[in-house]
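**Student:** Once you've had a glance at the structure underneath, I'll fire off some questions.
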Amino acid sequence: MMIPLRRHVRTRSIAATAGVLLALTATACGGTQAAPAASENGLTTVRLGNVQLSDYAAVLLGVDQGIFERNGLNIELVDITPADLVGGLLSGQVDMNPNTGPGAVMAAGKGIPLAVVGGVSTFEAGPDGRTGSTLLVKANSSIRTAADLEGKTVGVNLLASASEYGVRGVVDQAGGDGSGVSIIEVPFSAMGESLTADRIDAALIGDPYASLLLKTGQFEVPLGDPIEQVFGPAPRVIVTGTREYVETNPEVVDKFQTALDESVEYADSHPDDMRAAMVEHFGTPADTVGDTGYPALESRVDAAGIDGIATILRENGALDSSADVSGLTR
């Protein structure tokens, strides 16, 4: 049984989708703040950003289940837009924020002093064999292998993202030229129509849209998920703080990591509760939540995973070759 959140501070409406979070969000400016962690009723308060992303439901489920409270933390959830994933930390609006592995690496590469507190998920398939995204083509399409994408037009929901680099990467892995793929931005909700109208040849689309389109019988999945094939075990969703906050509050960070470990373990073994959290916190329709896949859950982030993302971003010209991202991991 779920217990109510201890406190939920609603400061902004959530307008994000999974793909939007894969944007490069390091656009904030200003000095970092490491406000001392306040205590309440013997618990240390942590203001935690809340953004709509399927796998992040594992963290919210942990809050619902009282896991963070049992570890001495009072979690205040603060709704954050994708544009504030870095800025919310720098302004002191929140103490910790979710981000994506690529987003955090890009921010660190721009010199923004972020530090990883813990992980939530990787790009690998989750417990039901899905990652939450897949490459769709029309039924009977001539696209059968990744190499067939060269010279074709592929829709992604966000350019300069893990989606784009995943598509280009699988083509390169197949011996083709990933730069020879025309990639355009298409909202998830318009992917099916764009495929049917031949405006795009393939669509890298997230759930539940992908699963619902497949049920029509008009589309098929010849390649799986290019993002998984390129980024693999690298961290997908993580929790970050400013380096100053993390260094100033080591006991709080350790308690949070312990609670995160327990939350992810619980979510991994209770998929029905995980999806119930998506309905409760993200407003996912109950009749479609079963069609929402999510990737493998993993609460630990190591330097190798961060370095792997940095390598992919450098290969795509999205990260300067001299950028130092070593400060991200503790």
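**Student:** Dipole magnitude of the chain about its Cα centre, charges +1 at Lys/Arg Cβ and -1 at Asp/Glu Cβ only, in debye to the nearest 20?
**Tutor:** Working: 21 positive and 42 negative charges, 110 e Å.
Charge dipole, the chain, about its Cα centre: 520 debye, nearest 20.
**Student:** Can you bin segment 218-262 into rounded, prolate or oblate? Criterion: square roots of the alpha carbon gyration tensor eigenvalues sorted a ≥ b ≥ c, rounded for a/c under 1.5, prolate for a/b above b/c, oblate for the rest.
**Tutor:** Because a/c hits 1.5 or more and a/b exceeds b/c, segment 218-262 counts as prolate.
**Student:** Enumerate the calculated ³J(HN,Hα) couplings along segment 106-114 in order (Karplus 6.51 cos²θ - 1.76 cosθ + 1.60, θ = phi - 60°), each rounded to whole Hz, writing x wherever the residue is Gly or Pro.
**Tutor:** For segment 106-114, the Karplus curve yields 4, 4, 4, x, 8, x, 7, x, 9 Hz.
**Student:** May I ask you to derive the FRET efficiency for T145 and R330 from their Cβ-Cβ distance with R0 = 56 Å, giving the value to the nearest 0.05?
**Tutor:** For T145 and R330, the calculated efficiency is 0.85.
**Student:** Based only on the alpha carbon positions, what is the Kirkwood hydrodynamic radius of segment 219-330, in angstrom? Write out the running numbers ahead of the final one.
**Tutor:** Numbers: mean 1/r = 0.0593 Å⁻¹.
For segment 219-330, inverting the mean 1/r across all distinct Cα pairs yields 16.9 Å.
**Student:** Okay, moving on. Compute the label zone of K215 within segment 98-141: residues whose backbone N is under 19 Å from the point 7 Å along Cα-to-Cβ.
**Tutor:** 128-137, 139
**Student:** Largest first and in whole Å, give the semi-axes of the chain's equivalent ellipsoid, each being the square root of 5 times a Cα gyration tensor eigenvalue.
**Tutor:** 34, 23, 15
**Student:** A further question on this structure: Taking amide H positions as placed in the peptide plane 1.01 Å from N, state which residues far from D207 in sequence (5 or more) or on other chains have amide H under 5 Å from it.
**Tutor:** Answer set, sorted by chain and number: S133, G293.
**Student:** Next up: Semi-axes of the equivalent ellipsoid of segment 176-265: what are they in whole Å, largest first, if each equals the square root of 5 times a C-alpha gyration tensor eigenvalue?
**Tutor:** Square roots of five times the eigenvalues give 39, 17, 13 Å.
**Student:** Taking the mean number of other Cβ atoms within 10 Å as a proxy for protection, how do you rank 303-309, 57-63 from highest to lowest?
**Tutor:** Result, highest mean Cβ count within 10 Å first: 57-63, 303-309.
**Student:** Testing the spin-label approximation: label points 7 Å from Cα along Cα→Cβ at E251 and S189. State their distance in nm.
**Tutor:** Going from the E251 label point to the S189 one covers 4.8 nm.
**Student:** Shifting gears a bit: Could you name the lysines whose alpha carbon sits less than 18 Å from that of K138, not counting residues in the same chain fewer than 8 places away?
**Tutor:** Result set, ordered by chain and number: K152, K215.
**Student:** Taking the simple approach of a point 7 Å from Cα along Cα-to-Cβ for both S179 and R300, what is their distance in nm?
**Tutor:** 3.9 nm
**Student:** With a cut-off of at most 14 other beta carbons within 10 Å, and DSSP calling the residue loop, which trypsin sites (Lys or Arg not before Pro) in segment 216-323 qualify? Please list them.
**Tutor:** Counting only loop positions with at most 14 other Cβ atoms within 10 Å, the trypsin sites (Lys or Arg not before Pro) in segment 216-323 are R300.
**Student:** Okay, next question. Run the 1.4 Å probe and let me know the accessible area of H281, rounded to the nearest 10 Å².
**Tutor:** It works out to around 30 Å².
**Student:** Looking at the square roots a ≥ b ≥ c of the eigenvalues of the Cα gyration tensor of segment 56-125, which shape do they give, rounded for a/c under 1.5, prolate if a/b is larger than b/c, or oblate?
**Tutor:** oblate
**Student:** Once you order the gyration tensor axes a ≥ b ≥ c over the Cα atoms, which shape class does segment 138-186 get: rounded for a/c under 1.5, otherwise prolate or oblate by comparing a/b with b/c? Mind dumping the intermediate values first?
**Tutor:** Numbers: a/c = 1.98, a/b = 1.18, b/c = 1.68.
Cα axes put segment 138-186 in the oblate bin.
The values are calculated or read from the model by the stated rules, or taken from the named source; none is laboratory data. Not measured: the values here are computed from a predicted model. Cβ coordinates were reconstructed from backbone atoms using ideal geometry, including for glycine residues, and neighbour counts include every protein chain displayed. Areas reflect the complete protein model, heavy atoms only, side chains present, ligands, DNA and RNA absent. Shrake-Rupley method; radii C 1.70, N 1.55, O 1.52, S 1.80 Å.
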